[in-house]
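The values are calculated or read from the model by the stated rules, or taken from the named source; none is laboratory data. A quick note: this is a predicted structure, and the numbers were derived from the prediction, not measured. We place every Cβ from the backbone using ideal geometry, glycine too, and count neighbours over all the protein chains shown.
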Amino acid sequence: MKDSLRLLWVRHGETEANRLKQYCGHMDLPLNDRGRCQLRKAAQRLRELDVDRICASDLQRCRETAKFMQKAWPTADLHCTDALRELSFGEWEGLTYDAIWDQNPEELIRWIDDPRRVAPPGGETLDGLEVRLNRWLENVIRRHSGETIAVVTHGGPIRWFLSHHVDKDPGSFWKRSLPPGGWIAVEKTAEGWQVRQLGEERGKRVWEKTE
């Protein structure tokens, strides 16, 4: 489709919090050495793609990731926005699941059972995440038809897009993910968003329907 919109969703490289399995949320963290290595490899693989612009979360780990991606597409414009931030985990940021369970298992269970309406203490619901991401996506669709845009963001926004717009099943939010440094290319067609390319062979099984 000549005027179709193509999005290349890229998850930022690994941080120390990722390595330690801590909830990162809005913490402003740099990449670690492994994360930078992941992105050097990703940028090398993605050089063949023709990208018009890069939209990135304004948090440091995504801004740093976007700089690596600019090595693959030096003519692409870069725009950073807080609309592409990770879900805010509030008081749980910097903690692991086990640490949260030890401190407040009842609140953790409530959130896991109904994350659309229940937020971590001081954090954000999935409905809140959806509102800001929908507003951003609608603006991109309206203004950038026919372009290819790299979207450098976090695990949560990518899960949201895939569950809502690829799977068309919001309940599959927790079943779809990309590893740090992973990427997936999608295209908007008359039938909806279609996956064109997946950047992590070991991640292919996450696109299979889970019974």
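Summary table
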quantity: Hits in segment 93-108 - residues which are part of a strand (DSSP E or B) and at pLDDT below 95; calculated: none
quantity: Pairs with Cβ under 6 Å, 6+ apart, first in segment 117-143 and assigned to a helix (DSSP H, G or I), second among the hydrophobic types (A, V, I, L, M, F, W, C) and surrounded by 12 or more Cβ atoms within 10 Å (Cβ to Cβ); calculated: 129/87; 132/83; 133/160; 136/83
quantity: Evaluation of residue 80 against (1) touching a residue at least 60 places away in the same chain (Cβ under 8 Å); (2) under 17 Å from the mean Cα position of the chain (by Cα) (one fails), failing number; calculated: (1)
quantity: Residue in segment 78-92 that is touching a helix residue (DSSP H, G or I) at 6+ places or on another chain (Cβ under 8 Å), modelled with pLDDT of 95 or more, assigned to a loop (DSSP other than H, G, I, E, B) and surrounded by fewer than 20 Cβ atoms within 10 Å (Cβ to Cβ) present; calculated: no
quantity: Search result, residues across segment 32-46 that are modelled with pLDDT of 90 or more and among the polar types (S, T, N, Q); calculated: 32, 38
quantity: Of all residues in segment 144-178 being without any contact (Cβ under 8 Å) to a residue 40 or more places away in the chain and aromatic (Phe, Trp, Tyr), the one that is surrounded by the most Cβ atoms within 10 Å (Cβ to Cβ); calculated: 160
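Residue-wise test of (1) more than 23 Å from residue 162 (Cβ to Cβ); (2) in contact (Cβ under 8 Å) with a residue 60 or more places away in the chain; (3) crowded, with 22+ Cβ neighbours inside 10 Å.
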residue	(1), (2), (3)
3	yes, yes, no
14	no, yes, no
20	yes, yes, no
32	yes, no, no
35	no, yes, yes
55	no, yes, yes
